[in-house]
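The numbers here are math on the coordinates, done by the rules we state, and not lab data. This is a predicted model, so every value here is computed, not measured. A quick note on method: Cβ atoms are made from the backbone with ideal geometry, for glycine too, and the neighbour counts reach across all protein chains shown.
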Amino acid sequence: MNITLVKKIFVGIAIMYMPVQTMAWGTNGHRISGQIADSYLTPKARAAIKAILGNESIAMASNWADFIKSDPQYKYLSSWHYVDFDKEYNYPEMQAFLKQDTATDAYTKLNFLISELKRKNITKSNKVLALRMLIHIVEDIHQPMHTAHTADKGGNDIKVTWFNNPTNLHSIWDSQLIDFQQLSYTEYVSWINHTTTAQRLQWQKAPISQWLFESSQIAGKIYAGTKDGDKINVYKYNFDYIDTLNNQLLKGGVRLAGLLNQLFGA
């Protein structure tokens with residue numbers, strides 16, 4: 001076989017499997033939260049975002065940070081997608097940890113991106129990158145396994161079986177549980193995007209430390225219900241966790257809208 005053809009086949013296979021191994025929320029999950037965020041933008045924020053992204057919707061921009069992972073020039077962004085913890089913290093402990101956090105992770109870089117987007121002299125290209133990454137990271141940290149344990153790489157090292165196929169705990173929460181619903185991202189949004197004004201205000205007023213704490217608490221419950229080597233009963237797992245999953249997708253979108261409105265809609 002032609003060596004060039006073999007290389008192309010290998011690269012194609014690698015790309016096909018890459019989302020299972022590395023993407024947060026998966027393509028559909030990010031688009032769901034992005035579309036939800038779009039529905040709660042103020043007119044001023046919507047216009048400002050369009051001036052930056054052009055015809056790229058928030059739903060589409062949500063996945064940019066995953067799509068460019070194979071590009072060496074963006075390798076430095078790889079640790080921006082998660083915050084792993086060495087132990088389960090109560091909220092005061094979480095706040096103390098984050099105050100001292102100097103690592104390159106989702107928390108420190110999200111704060112950095114907020115500051116960048118407030119700068120008056122930021123270049124257009126840097127503004128586009130900052131906005132795409134901010135959108136993605138806000139969504140990422142609502143995926144519980146992106147605020148999970150350092151020791152098992154956020155559940156990537158917990159190997160389980162899903163419909164008799166080998167996978168890992170992180171991947172189930174990235175995409176497989178969402179994909180099990182067999183809905184397009186727009187259908188999914190129509191299903192779950194039902195909130196009250198009071199609910200949105202409550203979610204949006206919470207600080208980022210609270211977002212991370214909530215996700216890490218959910219991660220703790222997920223760990224408690226699954227161990228390495230488990231053969232997942234998919235239908236029971238869906239019954240047990242679908243409300244949690246949908247709530248996190250919804251919260252991520254609502255909070256993203258709140259942050260974008262603060263940055264661009266005032």
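Å³ per residue of the Cα convex hull, for region 161-217?
Values: hull volume 6.2 nm³, N = 57.
About 108 Å³ per residue, rounded to a whole number.
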Fill in the blank from the handout: Any residue on another chain or 5+ positions along whose placed amide H is under 5 Å from the amide H of VAL160 is listed here as THR167, ASN168, LEU169, GLY229
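Per-residue ellipticity at 222 nm for the chain, helices alone: DSSP H runs ≥ 4 residues times -39500 (n - 2.57), over residue total, nearest 500 deg cm²/dmol?
-19000 deg cm²/dmol
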Problem - Set of aspartates and glutamates near LYS124 by C-alpha distance (under 18 Å), chain-local residues within fewer than 8 positions excluded - result: GLU56, GLU116
Problem - Viscosity 1.567 mPa s, 4 °C: Kirkwood-radius Stokes-Einstein D of region 118-194 over Cα pairs, µm²/s - result: 86 µm²/s
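Take the eigenvalues of the Cα gyration tensor for region 50-94, scale each by 5, and report the square roots as semi-axes in whole Å, largest first.
Numbers: eigenvalues 180, 57, 13 Å².
Taking √(5λ) for each Cα gyration eigenvalue gives 30, 17, 8 Å.
What's the long-distance tail for the chain, i.e. % of Cα pairs beyond 34 Å? Mind dumping the intermediate values first?
Working: 5836 of 35245 pairs.
Beyond 34 Å sits 17 percent of the P(r) for the chain.
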Handout entry: Pairwise centroid distance, computed over Cα atoms, of region 215-266 with region 92-168, Å
Key = 14 Å
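Sorted by mean Cβ packing within 10 Å, highest first, what order do the peptides 28-36, 225-233, 166-174 take?
On the way: 28-36: 27.1, 225-233: 13.0, 166-174: 23.6.
Top of the packing list down: 28-36, 166-174, 225-233.
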Problem - Radius 10 Å from Cβ of PRO144, net charge of other residues (Lys, Arg +1; Asp, Glu -1) - result: 0
Exercise for the section: Anything over 27 Å Cα to Cα? Flag those among LYS69/LYS236; LYS69/LYS109; LYS118/LYS153; LYS153/LYS231; LYS87/LYS159; LYS109/LYS251, in the order listed. Expected result: LYS69/LYS236; LYS118/LYS153
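So what's the net charge close to TYR223: Lys and Arg +1, Asp and Glu -1, counting the other residues with Cβ under 15 Å from its Cβ?
Details: positive: LYS87, LYS153, LYS159, LYS221, LYS227; negative: ASP84, ASP86, GLU88, ASP152, ASP157, ASP228, ASP230, ASP240.
That works out to -3.
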Problem - Sequence-distant residues sharing a close amide H with HIS149 (under 5 Å, placed H) - result: PHE85, GLY154, GLY155
